[in-house]
Amino acid sequence: MQNPVTVEVTRGSLVESRHRGLGIVVDGNGKSLFSFGDVDGGIFPRSACKAMQALPLVESGAADAYGFGDKELAISCASHSGEDEHVVLAASMLERAGRDASALECGSHWSSDQKTLIHQARTLDRPSALHNNCSGKHSGFVCTCSHVGYEVEGYVNYDHPLQADLRATMESLTGATLAQDNCGIDGCSIPTYAVPLRGLAHGFAKMVTGQGLEPVRAKASRRLMDACMAEPFYVAGTKRACTKLMQVAPGKIFAKTGAEGVFIAALPEQGIAMAVKCEDGTTRAAESMIFALIARYFDKDGETHATLMQMANHQMTNWNGMHVGDVRVTDALFA
């Protein structure tokens, strides 16, 4: 199956680039409400599945033992920009477990956000692991290991008991089998697994509705999603797509991006979840796709729908502020 063109980028009056994609919307029972492209082939969710990976932190009792609130749970699901608030919060999580940044095995990097990067370059000799966009997730991993008694060192390795717990969690949510043959290594060094986009979306639909989940997991799932919606800045950061999406309709949209053009969202009031993948891995296309897909499920005459469609179809300007082209979604998202 060839995936349809879902996003076009124009320059002047001509189409300069075309992006193909796949996407699906499902309810808590796994019923497909809308789809396009090959949603049954395996894709790597990358960071889009971080809320699933944060479940052991809550289910094990570690989050309560260390007194974590919405901010800590939100950053445990985050791909943050390394802003000062993110760094301080991740460090405080580790401190409550008697650890520090030396326990993190995610590596370090400068922020991908230009303003934050300039600030870091002016104030730091080099970034630490706390500045890694995954430091919140990894701080949650370290806290989970510390609480349940797992050896912290090596927690990123495939054979570590924490990773076995994460595999079991994601298998139960997505319905996919996770093993060495569909395993890769993520940017933050933990295993990442290829799963069908359909299963990824269904997993988040289960999390947002509780359907098909044991009570403990259903409660933990909504707690994590509610925390992210309550503290969207800690899920991403200033001017980031995830944060902006959850600010458009507070408490009504949960959203999380992943590398290589993956994006997921869940709408609690509608009891549905969705996932998209830009075939060529382009973030701008994945963002437009998820914005437009979410807009389908809000009143077409309402402010939320209008805002989302403005985000999906937007102008491009050059360094002089001149309008040079547009990013726009195609009819594939409205068939």
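Observations, loosely collected:
- In segment 231-253, the residues that are closer than 19 Å to E72 by Cα and part of a helix (DSSP H, G or I) reach residues that are at pLDDT 95 or above and open to solvent by 40 Å² or more (accessible area, probe 1.4 Å) with C-beta atoms within less than 7 angstrom, at least six apart or across chains, in these pairs: P232/Q247; Y234/K71; T243/F233.
- Count of segment 293-305 residues which are over 18 Å from A48 (Cα atoms), touching a residue at least 12 places away in the same chain (Cβ under 8 Å) and of a type outside the set (S, T, Y): 3
- Only one entry of S81, S47, S17 meets the criterion of being assigned to a helix (DSSP H, G or I), of a type in the set (S, T, Y) and either surrounded by 21 or more Cβ atoms within 10 Å (Cβ to Cβ) or over 21 Å from the mean Cα position of the chain (by Cα) (or both), and that entry is S47.
- Matching entry among M322, M309 (being without any contact (Cβ under 8 Å) to a residue 40 or more places away in the chain and exposed (fewer than 11 other Cβ atoms within 10 Å of the Cβ)): M322
- In segment 20-44, the residues that are surrounded by fewer than 16 Cβ atoms within 10 Å (Cβ to Cβ), closer than 15 Å to G203 by Cβ and either free of Cβ contacts under 8 Å to residues at least 24 places away in the same chain or not polar (S, T, N, Q) (or both): K31, D40, G42
- Options T317, T282; residue that is of a type in the set (S, T, Y), out of contact with any helix residue (DSSP H, G or I) (no Cβ under 8 Å at 6 or more places or on another chain) and open to solvent by 60 Å² or more (accessible area, probe 1.4 Å): T317
- Scanning segment 193-230 for residues that are assigned to a strand (DSSP E or B) and open to solvent by 10 Å² or more (accessible area, probe 1.4 Å) gives Y193, P196.
- Flag if L130 is without any contact (Cβ under 8 Å) to a residue 60 or more places away in the chain, crowded, with 20+ Cβ neighbours inside 10 Å and assigned to a helix (DSSP H, G or I): yes
- In segment 134-168, residue surrounded by the fewest Cβ atoms within 10 Å (Cβ to Cβ) [restricted to those that are charged (D, E, K, R) and under 15 Å from A179 (Cα atoms)]: D159
- Residues satisfying the stated conditions in segment 129-170, i.e. among the aromatic types (F, W, Y) and under 19 Å from the mean Cα position of the chain (by Cα): F141
- The set of residues from segment 158-170 being without any contact (Cβ under 8 Å) to a residue 24 or more places away in the chain and not acidic (D, E) comprises H160, P161, A164, A168.
- Within segment 215-227, residues that are in contact (Cβ under 8 Å) with a residue 12 or more places away in the chain sit with their Cβ atoms under 8 Å from residues that are open to solvent by less than 10 Å² (accessible area, probe 1.4 Å) and not in a helix (DSSP H, G or I), at 6+ positions apart or across chains, in these pairs: L224/A54; L224/C77; M225/F254; M225/A266; A227/C77.
The values are calculated or read from the model by the stated rules, or taken from the named source; none is laboratory data. Keep in mind that this is a model prediction, so the values were computed, not measured. Every residue, glycine as well, gets a Cβ built from its backbone with ideal geometry; the counts of neighbours run over all protein chains shown. Just so you know, the surface numbers come from the protein's heavy atoms only, side chains and all, with ligands and any DNA or RNA stripped out. Shrake-Rupley method; radii C 1.70, N 1.55, O 1.52, S 1.80 Å.
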